[in-house]
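Values in this text are rule-based calculations from the coordinates and carry no lab data. As the structure is a prediction and not an experimental result, all values here were calculated from the model. Here the Cβ positions follow ideal geometry from the backbone for every residue, glycine too, while neighbour counts run over all protein chains shown.
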Amino acid sequence: MKKIALLTGMILFIMISTMAQGLITVQELNKAIMKKSVVVIDARSSAKFKADAHIKNAVNVAYADLQLSTPVKGVLKTPAEIAKILGNKGIDGKKPIVVYDEGSGKYAGRVYWILKYMGVNNVKMLNGNLKGWKAARKPITKNPTMVKKTTFTPKVNTAVYASTADVKKGGVQLIDARSAAEYAGTDGKSKGHIPGAVNIEYKKVMNDNGTIKSAADLSKVFSGISKSKPVVIYCETSVRAGIIFFALTAVLDYTNVKVYDGAYNEWIAKGNAVKK
């Protein structure tokens, strides 16, 4: 019996350790919120946050508020501007942070990557997002969370950021996180993809219930992507690229992964060639 108990404990420890790398369960988050030991970020738009119910005590850091609309749509604001937004939301980066969205993973993934870029080490994603939270009947509210402004000091992590020049250098595995039609240039909006890119749509890393796929399933999705070579991900504005960054780094332990922040929009705006 002791051996069985010990084995069970070891399995549980392994499961918790694996989960702690980047994902947090609904049950774990609920306990952390009750202990006030975590900052919860709702990454949806401000309009959605105000109109819909959200996790109790969550603060809204809308992904769109952290990026520009012109001259190239989707490019990040400066680290100083992002730091001010985070500080105004009561976030100093010292407490553990958990991000979530409605269930698609793309908005949570975007904010997750931005926080990593800003130097936040202890950040996780809620597995199941708001969809899973509601399904478990955990506390939600429409009341805004009162926050006390603070100072966020950025420690910019350039190791996760790729520029147009970085992409042009080559020598990387380039992933296009858009739909197959966008990649092919047949959707009526896109002219094609950056030469050399392979198409792995962001939806392929998510389950229908808002959870991220298991490591075993993700290994199949990214079977053609080597861990020994640098990886750069992009989409139209790199909103969808974030969840693939999360899957590769937080679940599959890839160590050299970047997001091309300017993405397809910037590539086109600078007059670079695309391939159909």
Practice task
Compare the peptides 149-159, 126-136, 83-93 by average per-residue count of other Cβ atoms within 10 angstrom and give them in order, highest first.
Solution key: 126-136, 83-93, 149-159
Problem - Order by protection proxy (mean Cβ within 10 Å, highest first), peptides 198-209, 253-264 - result: 253-264, 198-209
Fill in the blank from the handout: The base-10 log of I(q)/I(0) that the Debye equation returns for the chain at q = 0.07, 0.11, 0.16 Å⁻¹, one scatterer per C-alpha, is -0.25, -0.62, -1.26
Practice task
Could you line up Arg137, Arg240, Arg110 from fewest to most neighbouring Cβ atoms inside 10 Å?
Solution key: Arg137, Arg240, Arg110
Exercise for the section: Name the residue farthest towards the positive end of the dipole of the chain from the options Asn207, Ala51, Gly196, assuming +1 on Cβ of Lys and Arg, -1 on Cβ of Asp and Glu, about the Cα centre. Expected result: Ala51
Completion exercise
So Lys169 and Lys31, fully extended at 0.36 nm per residue minus their Cα-Cα distance, gain in nm 45.0 nm
Exercise for the section: For the chain, return all DSSP H helices satisfying: extent of Cα atoms along own axis at least 15 Å; mean Kyte-Doolittle hydropathy at least 1.0. Expected result: 2-20
Exercise for the section: For segment 75-221, build the convex hull from the C-alpha positions and give me its volume per residue in Å³. Expected result: 161 Å³
Problem - P(r) of segment 183-248 over all Cα-Cα pairs, binned every 10 Å from zero, in whole percent - result: 18, 51, 28, 3
Exercise for the section: Could you line up Phe245, Phe222 from fewest to most neighbouring Cβ atoms inside 10 Å? Expected result: Phe222, Phe245
Practice task
Take Ser45, Ser190 and order them by how many other Cβ atoms sit within 10 Å, fewest up front.
Solution key: Ser45, Ser190
Practice task
Note down the nm distance, to one decimal, between modelled labels 7 Å out along Cα→Cβ at Gln21 and at Asn209.
Solution key: 2.1 nm
Problem - Taking the C-alpha atoms of segment 2-141, convex hull volume expressed per residue in Å³ - result: 121 Å³
Practice task
For Lys50 and Glu81, calculate 0.36 nm times their separation in residues minus their Cα-Cα distance, and state this gained length in nm to one decimal.
Solution key: 8.9 nm
Fill in the blank from the handout: Yeah, segment 62-107 with a ≥ b ≥ c from its alpha-carbon gyration tensor (a/c under 1.5 is rounded, else prolate when a/b outruns b/c, oblate otherwise) is oblate
Handout entry: Rule-of-thumb Rg ratio for segment 158-269 [Cα; 2.2 N^0.38 Å; N residues]
Key = 1.00
Handout entry: the chain - mean residue ellipticity at 222 nm from DSSP helices (-39,500 (n - 2.57) per run, n ≥ 4, rounded to 500)
Key = -9500 deg cm²/dmol
